[in-house]
1. Relative contact order for region 137-275: what percent, with Cα pairs under 8 Å and sequence separation of 6 or more?
2. Return one number: the angle in degrees, 0 to 90 and rounded to the nearest 10, between the long axis of the Cα atoms of helix 585-597 and the longest principal axis of the Cα atoms of the chain.
3. What is the order of 122, 522, fewest Cβ neighbours within 10 Å to most?
4. Taking R0 as 22 Å, what's the FRET efficiency between residue 118 and residue 181 from their Cβ-Cβ distance, rounded to 0.05?
5. Using mean Cβ contacts within 10 Å as the protection proxy, how do 72-78, 330-336 order, highest first?
6. Expressed as an acute angle from 0 to 90° and rounded to the nearest 10, what is the orientation of the C-alpha long axis of helix 681-707 relative to the principal long axis of the chain?
7. Rounded to the nearest Å, what's the spacing between the alpha carbon centres of region 51-88 and region 228-259? Just the number, please.
8. Is region 458-523 best put as rounded, prolate or oblate by its Cα gyration tensor, with a ≥ b ≥ c the root eigenvalues, rounded for a/c under 1.5, and otherwise prolate when a/b is larger than b/c, oblate when not?
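We did not get these values from a lab; they are worked out from the coordinates using the rules stated. These numbers come from a predicted model, not from an experiment. Glycine gets a Cβ as well: all are built from the backbone with ideal geometry, and neighbour counts include every protein chain shown.
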Ligand code: ZN
Ligand code: ZN
Ligand code: FE
């Protein structure tokens, strides 16, 4: 007989880990105990050496689905000769460090029970167990225990209590455990808030499904916030949703009843199906099948070659889709444009009354707002465009232990990040923090993260931009030394941490705009960077943005400036492009004056502005209705033809001073001539993409040769672009360089909090 003390770190609390070990120990005839500690769990196991060995192996190999087993430590101790294996409670340690797990989709066992007529939770929309259900969204404080969740107000009935207390039950210490007798309930309300009366034998989900089938718009309270739902096959319903939500252009996400339904509207493969069905249940962007076979309304995602699709992830969603006759549903965030998603019933009735006809409500409060995550394919890999529900606040594991830091992220697509030891905890997607509500959400998220992870940061990291709300907060409220981090440096180090690499690399940071220390707007940057600093080795050419922010929305302004500078205004006008007559002579001459005087024309090396300009000139997108629209639509246009059919464009690689700045005038002039001629937009769009890839790889090649750096790190919002990411990766690898792109955190500004945190920790 031997006895070992075994410690297990990682996410091992609130995920059914102790009952799992308890069952294992009993099967292996081991005695001893298991207890939660501040670091995870501690096991003492006594029995035959082979059996103890088997237990340790199973800890990692057979762990419960939501567990993330970190480091396992073992050491022999004196055998005690006990007679049983016990789960011990340690209320002080419960849930302290490892307790905050991401929310998880309902598991197969719970679904089976929900569909079983004789089960006491038949058709119960809030069924869950230790392997599934809400976590981060319902936690109000630590330690993670029923009273510190939004389930505090629901007293468990004797049956639920018995499950909760039985170590052999799947619901042992499942904090959100509930049933129709004692748990939350769902109901339907009209826009004035009054509950809809139902006929005998009907439940609110049946009726909600019928309302959707009839073309009504529903606000549906979910896991991390409200959705707005409607029949995705009804042109009228989708168009009504667009006009009432005042959201033009931007694609709507879809929820489909199962993988077969996804396959009918999109092309999938094994990787895609595994992600769709994963416990995180993200929205996955997948290539569309052609209408009308898909049956979807055209206005679901106009101008796109992909649909954002997801599978149901709460029991309520399953019941809703079934009641809707398995129709594909539009499921878009329940908010008005630019505001955070609504999370409470009153807020929904208040702010979504103009949009939804009916409200499917429930009484389990949402503590933390958490929007759906969005992921995209790149080759065989999948990367997040928005990392939120199902992932947050799971940490990114760092290469080494760092001092405690809070990083407050950027201004758009904000997330915040806490570093504690080797873990970097990244918050859910907070979004654009311009408005009052969004700013309050940001402040609340910072406070909640610091509380849940019990962190006392010794410094606060923020963006250098003086105008960012997050940076202002850091300076005013942090009360700690503030480390200002350059935007693109943060992008690169974020991608390094994401890949677990350290040291000096060649960083390519491409995005819209970020604050540059030289007073211009950066966004097409080639940096030699590591965790403690960077050197700017090159950048894309500077361009005037007539009217600053206004040029980002009215993409034609950037086109005027960029193409005018490349070939001269006179030559540009001789082409007689239709675009200028469409925007009007007066508007054009106002902008021309701005360009020639340079008044209100900030200079930008932003890569996004190139996409804006080309999208405008090709007619793909002359006014961006949402951030990044021009780039997204230009990429979609480019995917319609192969490189073989694309136009071939050229560029020059000149050196201005010590800085490498490619000359894109030949590319831009040729694009303008093609736009004026009879060349099809997809051929131009594809040619532009291919040329940009050539530009970037040529710059990388030169800089790598000069600097000796052969690891290239790709980050910034432009790398949400699949065409660029895939073909640039290929090209750089072909040059013998090692290429790193994002894996767990988004390439866009949702990822910069991680980079800020790591840089500040090295400061
Ligand atoms: Zn379950
Ligand atoms: Zn109950
Ligand atoms: Fe950025």
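1. Numbers: 106 pairs, mean separation 15.0, N = 139.
It rounds to 11 percent for region 137-275.
2. 90
3. Values: 122 13, 522 27.
Arranged by neighbour count, lowest to highest, 122, 522 become 122, 522.
4. Values: r = 16 Å, r/R0 = 0.72.
With a Förster radius of 22 Å, E is 0.90.
5. Working: 72-78: 11.4, 330-336: 24.9.
Sorting 72-78, 330-336 by mean packing, highest first, produces 330-336, 72-78.
6. It is inclined by approximately 80 degrees.
7. Region 51-88 and region 228-259 have Cα centres spaced 49 Å from each other.
8. Working: a/c = 2.57, a/b = 1.31, b/c = 1.96.
Taking the square roots of the gyration eigenvalues as a ≥ b ≥ c, region 458-523 is oblate.
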